[in-house]
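Below you'll find the structure, written out as structure tokens, and then a few comments.
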Amino acid sequence: MLIDRYSFTGDILSYGRCSKQYGKFKHYGFSKALPIQAWFGDVVHMTIELLFRQVKGDIKDSTGIASPGILPSDDDVEFHTHESMNTLKSKGMFGRKADRDFVLELLKIFNSKEGLVFYNRIIKSEVRLETIISPSTGKRPYIMNGIIDVLASPTPGVIEIWDYKAMVKPPPGDQKLTSLENQMYNYVEIVQSLFPSHSVTTAVLYFINELGPKGSGNPIHSIDLTATSVATCITTARDEANDIVEEIRKAKLTGTFPDPVKGTVDVKTCDACEWRWHCTSASKKYTLHAP
């Protein structure tokens with residue numbers, strides 16, 4: 001029996017964010033005209049990975065010298081940021097000058113704020129996860145996959161899960177924050193199986209936009225995975241993911257992706273969507289202007 005495969009961010013989170021948008025772009029393959037959100041996030045992820053590799057000694061700094069164990073300079077951040085942007089440019093992904101300048105400043109602040117203490121805690125980065133999920137409801141199993149940005153170890157035998165988010169931190173109780181927390185809950189047991197002799201104690205969502213001039217300066221949302229309520233949270237998150245997978249399966253089978261109830265889709269998701277001008281689900285009214 002063939003088992004279908006779902007990415008937590010690319011499928012489960014994306015469908016939960018807007019089922020109509022998911023159908024247009026993910027299932028039917030329409031191309032996004034301005035994939036700025038994806039570009040911004042990719043620059044952040046790629047650059048931090050390069051900075052970590054520089055500290056580790058795997059790659060050279062902006063002067064062409066290997067400098068392991070030394071905090072990258074602002075010139076190094078700029079060098080690796082431009083390298084990331086050029087890689088994305090070769091794939092047809094661009095950012096406006098204002099976005100290029102903004103992400104560069106955020107990455108400089110990140111590098112200065114987190115520094116060697118953070119880089120030296122990293123035991124593994126860009127960790128690819130994959131596991132077979134067998135729903136307790138008896139529904140067909142599926143393969144869930146995802147990528148964790150960083151596994152960090154503050155002390156021997158302890159693991160923290162870190163995930164960078166190129167966005168503003170949602171307020172407590174916000175559905176978007178709950179969805180991101182559920183992503184971490186779905187990853188916990190997979191990470192634990194990879195490191196059975198370690199304790200997975202914390203999940204950290206790092207909202208890098210909070211480092212900007214309009215941000216709070218507090219980018220970290222930390223989840224205590226040792227809390228007694230975590231087992232229930234993991235079960236709830238897994239059940240929700242299973243339900244969304246079933247919804248995706250039905251939508252693919254019928255070719256019909258339901259329109260979300262008006263007002264239930266985050267405004268920023270609508271702002272970035274090419275279908276917003278004539279979408280009945282859009283959270284606000286959009287006026288089409290001539291260029």
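Every number here is computed from the coordinates shown, using simple stated rules; none is lab data. In this text the structure is predicted, and so the values were computed from the model without any measurement. Glycine also receives a Cβ, built like all others from the backbone with ideal geometry; neighbour counts cover every protein chain displayed.
By the gyration tensor of its Cα atoms, with a ≥ b ≥ c the square roots of the eigenvalues, what is the shape of segment 216-257: rounded for a/c under 1.5, prolate for a/b over b/c, or oblate? Oblate.
Distances between placed amide hydrogens fall under 5 Å for V158 paired with S199, all partners being 5 or more residues away or on another chain. Each label was represented as a point 7 Å from its Cα along the Cα-to-Cβ direction; for I220 and D75 these points are 3.1 nm apart. Distances between placed amide hydrogens fall under 5 Å for I59 paired with Q54, all partners being 5 or more residues away or on another chain.
Segment 39-75 and segment 211-252 have their alpha-carbon centroids 29 Å apart.
Distances between placed amide hydrogens fall under 5 Å for I123 paired with L151, A152, S153, all partners being 5 or more residues away or on another chain. The alpha-carbon of K124 sits under 18 angstrom from the alpha-carbons of these aspartates and glutamates, leaving out residues fewer than 8 places away in its chain: E49, D58, E114, D149, E160, D163, E189. A simple rule links phi to the HN-Hα coupling: the Karplus curve 6.51 cos²θ - 1.76 cosθ + 1.60 with θ = phi - 60°, which for segment 188-202 gives 4, 5, 5, 4, 4, 5, 7, 10, x, 8, 10, 9, 8, 9, 8 Hz, with x for Gly and Pro.
What 222 nm value per residue comes from the helices of the chain, counting each DSSP H run with n ≥ 4 as -39,500 (n - 2.57) and dividing by all residues, nearest 500 deg cm²/dmol? Can you show the working numbers first?
Numbers: 8 runs with 120 residues, N = 291.
Rounded to the nearest 500, the figure is -13500 deg cm²/dmol.
Which one of G41, M144, V117 has its Cα pushed farthest toward the positive end of the charge dipole of segment 22-144, where Lys and Arg give +1 and Asp and Glu give -1 at the Cβ? Of the options given, the answer is M144.
Can you figure out the FRET efficiency of T201 with T264, using R₀ = 30 Å and their beta-carbon distance, to the nearest 0.05? Don't skip to the answer; put the middle values down first.
Values: r = 34 Å, r/R0 = 1.14.
In this case the efficiency is close to 0.30.
Kirkwood hydrodynamic radius, computed over distinct alpha-carbon pairs, for segment 224-291: how many Å, to one decimal?
Numbers: mean 1/r = 0.0665 Å⁻¹.
For segment 224-291, the Kirkwood estimate is 15.0 Å.
Over the chain, what relative contact order in percent results from Cα pairs under 8 Å that are six or more residues apart? The value is 19 percent. Evaluate the distance, in nm, between pseudo-label points positioned 7 Å from the Cα of K113 and of I65 along their respective Cα→Cβ axes. Each label point lies 7 Å from its Cα, and together they span 3.0 nm. Label-to-label distance for R5 and D58 is 2.2 nm, based on points extended 7 Å past Cα in the beta-carbon direction. Springs between Cα atoms under 10 Å define the GNM used for the chain, and in it the highest mean-square fluctuation of A38, A98, A272 occurs at A98. Residues T9, T155, ranked from the fewest to the most other C-beta atoms within 10 Å, line up as T155, T9.
Taking the Cβ-Cβ separation of Y286 and S193 as r and a Förster radius of 45 Å, what is the calculated FRET efficiency to the nearest 0.05? Intermediate values should be presented prior to the final figure.
Working: r = 46 Å, r/R0 = 1.01.
For R0 = 45 Å, the calculated efficiency reads 0.50.
Computed from the Cβ-Cβ distance with R0 of 25 Å, the FRET efficiency linking K139 to A227 stands at 0.30. Give me the Kirkwood hydrodynamic radius of segment 177-291, using the inverse of the mean 1/r over all pairs of distinct Cα atoms, in Å to one decimal. Hydrodynamic radius (Kirkwood, Cα pairs) of segment 177-291 is 17.6 Å.
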